[in-house]
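The values are calculated or read from the model by the stated rules, or taken from the named source; none is laboratory data. Everything numeric here is computed off the predicted structure, so don't read it as measured data. Here the Cβ is made from the backbone with ideal geometry for all residues, glycine too, and neighbour counts use every protein chain on show.
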């Protein structure tokens, strides 16, 4: 996997680069500000861009705004945002096009899980922190009358959990999870075909219905 890292803190940027390279990935570019990030992505055409939300020049949501531009100009580049806080202003648009992740820095505690999340996003899936999911799924007005449990299952799907992972989190059987997912897909008028694409599409359809 070819990766670009955008992070203004040098130690964190180089630490991420070392972690990815140790895992066998190729870091094809680094950027310390949003403008450089856009240039680097255009030049290198990576599979994935890992982007800090708050970057120079403004140190507000420059990284998220740069991510939106990347999605518009280079839609094939998967994006993972890293942040200290949840910022949803640009997130619905980004997650609605797939290949997107949003992870909170302080909650990334497992290296293997982090690397798996990056790989999943690069393959077109999603990897969203539970707090981000809660904020996104809190968007009002959806035509699909999902029950609280179905919303919970949908949220765990957005985090990228498998059926067995959802079952473990909710302490229910795999069969119960399958029934919930089938009902969610039915209410969102999606095929019940068992594929990662359908799972991501369910989340995107829900978010796009607000």
Discussion item. For segment 13-58, which positions are touching a helix residue (DSSP H, G or I) at 6+ places or on another chain (Cβ under 8 Å), assigned to a helix (DSSP H, G or I) and within 17 Å of residue 111 (Cα to Cα)?
Written reply: 19, 20
Worksheet item: Considering only residues of segment 15-33 that are more than 19 Å from the chain's Cα centre (by Cα) and under 18 Å from residue 84 (Cα atoms), which is surrounded by the fewest Cβ atoms within 10 Å (Cβ to Cβ)?
Response: 15
Worksheet, complete the sentence: Listed by first then second residue, the pairs whose first member lies in segment 51-72 and is farther than 20 Å from residue 127 by Cβ, whose partner is modelled with pLDDT under 90, with beta carbons under 7 Å and at least 6 positions apart or on separate chains, are 65/90
Fill in: Subset of segment 2-12 [surrounded by fewer than 19 Cβ atoms within 10 Å (Cβ to Cβ) and either at positive phi or within 20 Å of the chain's Cα centre (by Cα) (or both)]
2, 12
Discussion item. Can you report the number of residues in segment 89-126 which are modelled with pLDDT under 85 and closer than 25 Å to residue 72 by Cα?
Written reply: 12
Worksheet item: Looking only at residues in segment 97-113 that are touching a strand residue (DSSP E or B) at 6+ places or on another chain (Cβ under 8 Å) and outside any loop (DSSP other than H, G, I, E, B), which one is surrounded by the most Cβ atoms within 10 Å (Cβ to Cβ)?
Response: 102
